[in-house]
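Each value in this text was obtained by applying a stated rule to the coordinates, not by laboratory testing. Model, not experiment: these values are computed from the prediction. Counting neighbours? That spans all protein chains shown, and the Cβs are built from the backbone with ideal geometry, glycine included.
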Amino acid sequence: MHVKKVCILGGGGFVGHHIASRLAAQGVQLCIPTRRRERVKDLTCLPTAEVVEADIHDPAALATLFREADAVINLVGILHGSRQAFEQAHVELPRKVVEACRAAGVGRLLHMSALGADTASKSVYQQTKARGEALVLAAHGEGLAVTAFRPSVIFGPGDSFLTMFAQMLRLAPVMPLAGAFARFQPVYVADVARAYAESLEEPATFGRAYNLCGPRVYSLEELVRLTAEALGLRRRIIPLGKGATRLMATLMEFKPGRKLMTRDNYYAMLSDNVCAEGHPEPFGAATPLEAVIGYLREQNPRRSYDGFRSQAHR
Ligand SMILES: NC(=O)c1ccc[n+]([C@@H]2O[C@H](COP(=O)([O-])OP(=O)(O)OC[C@H]3O[C@@H](n4cnc5c(N)ncnc54)[C@H](OP(=O)(O)O)[C@@H]3O)[C@@H](O)[C@H]2O)c1
């Protein structure tokens, strides 16, 4: 299989930017649909990328987008929302994507799931991620080669996880930390992008699902302390237990505007988000967080607008 053109759904997001840059550097033609082109104008600098405004939930739009694609990467996912919104993004969309791939004769589909995806989870995020993953893997065969990826939390330039804690730590000398007990095995975004790029044409990855993790397991408290250290800040971090975290998640859920945490996130945090088997063999060694955490010190002036942009829903 030789992949010349890839359509990346969710290509305008954090992970999408890194995958798109990597594939563009390899000379792969890219089609990146987005709901608002204005927000992802930076992607138009990639020499092989075409960024188009489209409603990807409309099967007719998918048919047009996939017409000349050899492969599709579906990265669309949400962390907060109603049950219906989770269903639409994580289950209905993957179903439409599979149907559109078949109709357009696209032979390759890479799907983004999440570590901990589980139909039995109390978290609707984890439940719907598991159902979406199952349906795309079930579609493997008959001319469509499918691979799914399940990363733990992803870090790197542009992330919203460690960067959010960095912003909070800069503002306050004392930080009560909800979910301090949660355990993750964070994976570097460049390692995720490498896994996508290397599996695109690699038959050994067809029909398989891979957990993606970094080299070490950390509690959320350890991650926030590392973040403070990387920024050179001395901060008092007060770890909150499960009861206080649930209460905080409930309060934040009803706060208007950008959600920092919801009860659904709390339910997901109750299970360790770690890979027993480490980073998958075919994609090389995983990058330690400590080797690259300096990206948190790089203050991009454009990022100061992110809070305003999110409040204005732009
Ligand atoms: N980041 C992590 O730590 C992490 C960990 C595990 C799994 N994942 C999964 O990895 C994927 C990418 O994550 P990310 O961090 O890059 O997310 P992100 O920055 O929020 O980007 C998500 C992308 O999905 C698109 N999208 C979201 N909701 C949509 C909707 N209702 N309809 C159409 N498009 C929609 C957005 O497109 P627009 O350009 O139209 O806004 C955006 O480009 C997600 O599936 C996520 O669940 C992420």
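Place +1 on the Cβ of every Lys and Arg and -1 on the Cβ of every Asp and Glu in the chain, take the dipole about the Cα centre, and give the residue among SER219, LEU75, GLN167 whose Cα lies farthest towards its positive end. Comparing the listed Cα positions along the dipole, GLN167 ranks first. Based on the Cβ-Cβ distance of MET164 and MET1, what FRET efficiency does E = 1/(1 + (r/R0)^6) give at R0 = 35 Å, to the nearest 0.05? The computed FRET efficiency comes out at 0.35.
Straight-distance candidates among the lysines for linking to LYS129, with alpha-carbon spacing under 23 Å and chain neighbours fewer than 8 residues away dropped: LYS96, LYS259.
Give me the Debye-computed log₁₀ of I(q)/I(0) at q = 0.07, 0.10, 0.12 Å⁻¹ for the chain, equal point scatterers on Cα only, no solvent, two decimals. Evaluating at q = 0.07, 0.10, 0.12 Å⁻¹ gives log10 I(q)/I(0) of -0.27, -0.56, -0.82.
Annotation: amide H-H contacts under 5 Å for LEU212 (H modelled 1.01 Å from N, sequence separation of 5 or more, or interchain): ARG150, SER152.
All C-alpha to C-alpha distances of region 166-263, sorted into 10 Å bins beginning at zero, yield P(r) values of 13, 32, 30, 18, 7, 0 percent in whole numbers. Report the far tail of the P(r) of region 11-102, meaning the percent of Cα-Cα pairs longer than 18 Å. Beyond 18 Å sits 46 percent of the P(r) for region 11-102.
Phi angles of region 80-88 translate, via the Karplus equation with coefficients 6.51, -1.76, 1.60 and θ = phi - 60°, into HN-Hα couplings of 10, x, 6, 4, 5, 5, 5, 4, 5 Hz per residue; Gly and Pro are given as x. Note on region 243-304: Rg/Rh from C-alpha atoms, Kirkwood Rh, equals 1.11. Dipole size of region 182-247 about its Cα centre, with +1 on Lys/Arg Cβ and -1 on Asp/Glu Cβ: approximately 600 debye, rounded to the nearest 20. Shown for THR287, THR64, THR147: other C-beta atoms within 10 Å of each C-beta, ranked fewest to most, produce the order THR64, THR287, THR147.
Comparing Cα centroids, region 164-224 and region 58-86 end up 23 angstrom apart. Would you mind telling me which residue in ASP118, ASP272, ASP55 has the biggest mean-square fluctuation in a Gaussian network model of the chain, where springs connect alpha carbons within a distance under 10 angstrom? Judging by the Gaussian network model, the answer is ASP55. In plain terms, the chain from HIS140 to GLU222 could stretch by 25.6 nm, reckoned as 0.36 nm per residue minus the Cα-Cα distance.
Annotation for GLU281 and ARG35: the two label points, set 7 Å from Cα along the Cα-Cβ direction, are 4.2 nm apart. Within region 1-31, whose backbone N sits under 19 Å from a point 7 Å along Cα→Cβ of GLU50? Counting only backbone N, you get 3-12, 20-21, 23-31. Residue order for SER219, SER123, fewest other beta carbons within 10 angstrom first, comes to SER219, SER123.
In this rough spin-label picture, where each label sits 7 Å from Cα along the Cβ direction, the ALA120-GLU298 distance is 4.3 nm.
By the count of other C-beta atoms within 10 Å, a proxy for reagent exposure, PHE184, PHE283, PHE149 are ordered fewest to most as PHE283, PHE184, PHE149. For region 7-61, the spread of Cα coordinates along the three principal axes comes to 30, 20, 17 Å, biggest extent given first. Its relative contact order, with pairs defined as Cα atoms under 8 Å and 6+ residues apart, puts region 32-106 at 29 percent.
Kirkwood's formula applied to the C-alpha pairs of region 214-268 gives a hydrodynamic radius of 13.0 angstrom.
Each label was represented as a point 7 Å from its Cα along the Cα-to-Cβ direction; for LEU79 and HIS57 these points are 2.1 nm apart. Farthest towards the positive end of the charge dipole of region 123-225, among the residues PHE149, VAL136, LEU177, is the Cα of LEU177, using unit charges on the Cβ of Lys, Arg, Asp and Glu.
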